Amino acid sequence: MARPDHPTVTYPAAGAGLPVADARALDRACDEFERKWRARGRPDLRAAVLELDPGVRPAGLRELLQLDLYYRRRIGEAPQAADYADRFPELDPGWLAAAVAGPSGSGRECGWPGGGDRGGLPAGGRVGDFELLGEVGRGGMAVVYRARQVGLNREVAVKMIVAGPTAWAEFRTRFLVEAEVVAALEHPHVVRLFAFGEHDGRPYLAMEYLPGGTLTDRVRAAGGLPAREAAAVTAKLARAVSHAHSRGIIHRDITPRNVLFGADGEPRLTDFGLAKVARSDLTVTGQVLGTAAYMATEQAAGRAAEVGTAADVYGVGAVLYHLLTGRPPFDGGSYHATLRKVVAEEPARPRSLVPGVPRDLETICLKCLSKEPTRRYPTAQALADDLGRFFRGEPIAARPPGAAGRAVMWVRRHKAAAAVAVALLGGSAVAVGYAVQAGRANAALLEVVAKVRTAAYPGAVREARQAWENGDSTAAREALDRCVPGPGEADLRGFEWYYLDACLRQADRVVAGHDARLLTADVSPDGTLVASGDAAGLVKVTELATGREVTVFRCPAREVTVVRFSPNNRTLAVGGNDGSVSLRNAADGSVVWSRQAHPGPALGLAWSKDGGRVASGGAGRAAKVWDAVTGDVRQELPHPDRVTCLAWWPKSVLLTGCEDKVARQWDPDTGALAFELPARDDPLRVLAHSPADRWFASAGEGPTIDLFHTATNRMPHRLLYAGGPVWSVAYEPGGRYLFAGQSGRVLMWDTVEAVGTVFPCRTVALARRVRAVAVTHQGRYLVVASEEPAEVRVRPTSAVSGYDRCGYPGDRPAASPGGDWLAVVMPDGAVKLRGPAGAERPRRLPDHVQAAGFPAFAAAGYRFVTVDRAGTMSAWNAATATRLGVPLGGPVRVADAAISPDGTWVVGKTPTGEVHAAPVAGGPARILPGVQALSGDMAFSADGSVLASATGRFVTLWRVGDWDRVADLATDQNVSAVALSSDGGLLAVGGGEYGLTLWDVAGRRRFGVLAEHVGPVRSAAFSPDGRTLATGGADGTVRLWNMATRQEMFVLHRNPQGSVFWVRFASPTRLLVGARAITRGQCEVLSFPPASDPGPG
């Protein structure tokens, strides 16, 4: 039943009425479904139906199904009723049979007055005095043609209504309103109207043709506009809006997409289809019309009566925001989620996203985006005037909000967190809410907001981390932006924030681009070149390091479907959609030979390891093996269906994948079939083998990648994922990581750190349909080729993993606090040193008896201490690899050692719990009594004034120098890790039973328990600013804790089969981790975050 406050329209297909708002939602769903089909995808019909509200689904199913039929016929398929009957049993069989047997002209049941369909009119047709030259754009209710007005011989744009019967009456009325509105406006930055009429019962407008593209196109190409250019464009747009307001017209849908550029390069405001005129309005209360990301708060909330000129001021401000930052103020991922953000949240400050944005321009932008209409500019002309002041370098009229205003805005952004946190803090959430609603923010409120910000900070960081791991960099950035302090606010950000910020800033570098859709790419085996082919038959060979084009050539084929480099990097095999296969010189594109290999598209190519043969697959139910020199066919391998992918192993085995879901192994010398692997659940699309050829991976249209062991042809692992088919798979050179390209992202699996059948996976958000992935330069760089945008990009693999790694065949690593020096105990007990940035080859310490335990560095960086197997301590100069003085500590056997931050004292602990402290400069050692028990950890405070020594269940604090006992703390667990905060006021104590406990040193009391590790805590470290505590455990995890709230923020590193030995902050923004992966038998030092990498070169 229709809601009484909504007008209804007839819907013949569904046999019921729909409210206008629901009809518009259905039309948007149909537009999105068509967009996915036109983008050469195959959208999921059931998923599209389930995204609709339940009351709209019966109507939506019929419209979407007919669109599905239409596009399936367009790609040559012959749909049957049985294809849909089982999946949609609710459909009437008679209706379904008629729909399948019906005409193939359009997708939807259009029911136009006078006939016609949604598919549009052909080029060359006539509409009144206008000859249509081609379609240039299509929206939810209209299609736009480029046309020639025959009588005046001028180029125009003809806009014609195309919406189906779901909302025919409303759309027709809005179209007529748009014609009247545009005719009433005459402004240099508003599109001009030339004529209005009807054709076969369909209204049309003839308007000024604007060939310069949309503002969206310009922003997308540049990632944002320079500040002065953005201000200039926005000022012109504001003046156009002011002119419309002077005529009683409110646009209500101001977006970059609705700003087009003429041949003169000037912007024009277009699309007044949702305009509100003074004497009439088609919107009813509760109805939401417009583009969600640019919609004013009152408009998004459905308060139609409140939508006035201030809504357009907001829209202009939202466009300015997009020009400055490259993104709209809000993006929730879906229409309704974005509306919720518009109503409930504040936008991130532009300067937090783009630091170079001028402060005055940010102030202007945010004034436009105020939630309350009265806080925006009073008129669009006032906005234009203030932009003019900015442009001329004069003081602007707008002022940023004060501290009280920022407090109100912050609480509004975080209402739920504010209510919970205020209640926890003993305040009144109701009182805060009342103060916010009343606009009153006093010192008490500011104090509450400060506490709420502190309480909410760990959750925002967790949200950012989760979004980053899921490949959603936009959501991760938004969560981090919420933590950026405003003027006068405390900065809560610690290592965790800067770590995630650094990971998000690891930018891709574009090395090759195409105008047409990119369909295939390959990286040369030596990692120096990348070849890419597109849907216009163009192939580019580009240097990966510099982006310089080596050669560009066009193939006879209309589309290049596959390219592959030869093992010697000199020759390129190219396949086309016409079935051709050719070999080209990679240096100049000259043809070596060309053959008509298949009756349909060539889909796969693979070179033998010696480069003497190349195999091809495609339509025609056969794979062919060619002589790379002569171009003769050596073998033809029959298949029951199209061959979609191939891979060649060093042991002269050719692997082929077929659309019958089976992978086959062949002897390419005899053409004999050697083995058929178990069939997949879906047609094969990709095959890839690991560098050592121990494994190969197969993928298809379904949600799995199968890993086979080449020696046994058994499949011990199946990787599950979501998000559509995989288009490409590649191993990194070490064989540890497996990368897979999907629509919109790259998946990365760690095959070494797997536990059973669970493989750790991380995603990287990228553009539409990743056509090729490759890993080069010893695994340092990930090369990604995407269909849309059509480009090849390079990204450091460390930006995916989140850290840099150093590995050695030893098992006890240590790093200097700055990370410049690395000392590793080798399997034979020798100690190897590696200098800054790995510039020096590892060196062994001379005259050193085999080492035991971990080396330990001083804060100075170049001094460190070791303990040999005789229990003797030695201090060393890392730069010269020489011993400082003589062996220290006397004849007593020492099990573990540490060195003071200034490098003047070394301390060692005996099995009896005694601590021996000896000056590096020489002199007698001091013996500090302890408790005979299992030896525990030792740690100096950052200033070197206090030593914490753990033995059994006790921790003793010593004053360095005179070695007086400061305090004895009795814990209730065996202590395995201790750490002192930079000021020495806090002590973290880790053990095996209760995780980590926090102690107030001055009060000698325990005040907190942090228990998330499974098993003993091996190490802990406070950040230099004291805001973050890092802990490493025997469970292989490194966890980060917020000290203000004592909450865990996230797991920084996870290696279930390894162990974390130590954690150490090199600076407030850098953490070093010593770990060992059991499966590799190697120790490694991990550095978080990864260093900024300019790319190969």
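For this structure, a couple of remarks:
- Scanning the range 1043-1061 for residues that are part of a strand (DSSP E or B) and surrounded by fewer than 22 Cβ atoms within 10 Å (Cβ to Cβ) gives Gln1047, Glu1048, Phe1050, Val1051, Arg1054, Ser1059, Phe1061.
- Summed over the range 379-399, residues that are without any contact (Cβ under 8 Å) to a residue 24 or more places away in the chain and either touching a Cys at 6+ places or on another chain (Cβ under 8 Å) or of a type outside the set (A, V, I, L, M, F, W, C) (or both) total 7.
- A search for C-beta distances below 6 Å between a residue of the range 855-871 that is within 19 Å of Phe1061 (Cα to Cα) and any residue that is at pLDDT below 75 and buried (at least 24 other Cβ atoms within 10 Å of the Cβ), counting only pairs 6+ apart in sequence or on different chains, returns Val867/Val894.
- Each residue in the range 43-83 was checked for being closer than 19 Å to Glu701 by Cβ and either touching a Lys or Arg at 6+ places or on another chain (Cβ under 8 Å) or assigned to a helix (DSSP H, G or I) (or both), and 10 pass.
- Residue among Gly533, Gly494 that is of a type in the set (Gly, Ala, Ser), over 25 Å from Val592 (Cβ atoms) and modelled with pLDDT of 90 or more: Gly494
- One residue stands out among those in the range 237-248 that are over 13 Å from Leu215 (Cα atoms), in a helix (DSSP H, G or I) and touching a residue at least 40 places away in the same chain (Cβ under 8 Å): the one that is nearest to the chain's Cα centre (by Cα), which is Ala238.
- Considering only residues in the range 1076-1087 that are surrounded by fewer than 24 Cβ atoms within 10 Å (Cβ to Cβ) and aliphatic (A, V, I, L, M), the one that is modelled with the highest pLDDT turns out to be Ala1077.
- Scanning the range 294-340 for residues being under 17 Å from Cys368 (Cβ atoms) and within 25 Å of the chain's Cα centre (by Cα) gives a total of 13.
- Filter pass, Val931 being assigned by TED's automatic domain parsing to the domain that holds Thr866, more than 27 Å from Tyr862 (Cα to Cα) and at pLDDT below 85: yes
- Residue that is farthest from the chain's Cα centre (by Cα), among those in the range 542-556 that are more than 21 Å from Arg595 (Cβ to Cβ) and surrounded by 21 or more Cβ atoms within 10 Å (Cβ to Cβ): Thr542
- Close pairs from the range 872-884: first farther than 15 Å from Pro919 by Cα, partner basic (Lys, Arg), Cβ under 6 Å, at least 6 apart: Ala881/Arg843
- Residues that are surrounded by fewer than 22 Cβ atoms within 10 Å (Cβ to Cβ), small (Gly, Ala, Ser) and modelled with pLDDT of 85 or more within the range 456-478 comprise Gly459, Ala460, listed in sequence order.
- Condition check for Trp593 on (1) surrounded by fewer than 20 Cβ atoms within 10 Å (Cβ to Cβ); (2) farther than 30 Å from Arg621 by Cβ; (3) not basic (Lys, Arg): one failure, at (2).
- Condition check for Gly527: in contact with a strand residue (DSSP E or B) (Cβ under 8 Å, 6 or more places away or on another chain) and part of a loop (DSSP other than H, G, I, E, B): yes
- Test: residue in the range 986-996 that is loosely packed, with under 15 Cβ neighbours inside 10 Å and over 35 Å from the mean Cα position of the chain (by Cα): yes
Condition check ((1) among the acidic types (Asp, Glu); (2) crowded, with 16+ Cβ neighbours inside 10 Å; (3) modelled with pLDDT under 95; (4) within 41 Å of the chain's Cα centre (by Cα)) across all residues:
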| position | (1), (2), (3), (4) |
| --- | --- |
| Cys645 | no, yes, yes, yes |
| Lys651 | no, no, yes, yes |
| Trp666 | no, yes, yes, yes |
| Ala672 | no, no, yes, no |
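- Arg1064 vs. criteria crowded, with 18+ Cβ neighbours inside 10 Å, touching a Pro at 6+ places or on another chain (Cβ under 9 Å) and basic (Lys, Arg): yes
- Residue among Gly107, Gly116 that is at pLDDT below 50, buried (at least 17 other Cβ atoms within 10 Å of the Cβ) and in contact with a strand residue (DSSP E or B) (Cβ under 9 Å, 6 or more places away or on another chain): Gly116
- The set of residues from the range 798-819 being modelled with pLDDT under 75 and in a loop (DSSP other than H, G, I, E, B) comprises Pro809, Gly810, Asp811, Pro817, Gly818, Gly819.
- Only one of Ser566, Ser594 that is of a type in the set (S, T, N, Q) and touching a residue at least 60 places away in the same chain (Cβ under 8 Å): Ser566
- Residue list for the range 612-636, restricted to those being of a type in the set (D, E, K, R), under 29 Å from Pro683 (Cβ atoms) and either within 39 Å of the chain's Cα centre (by Cα) or in a loop (DSSP other than H, G, I, E, B) (or both): Arg621
The values are calculated or read from the model by the stated rules, or taken from the named source; none is laboratory data. Predicted model only: the values in this text are computed from it and were never measured. Methodologically, a virtual Cβ is constructed for each residue, glycine included, from the backbone with ideal geometry; neighbour enumeration extends over all protein chains shown.
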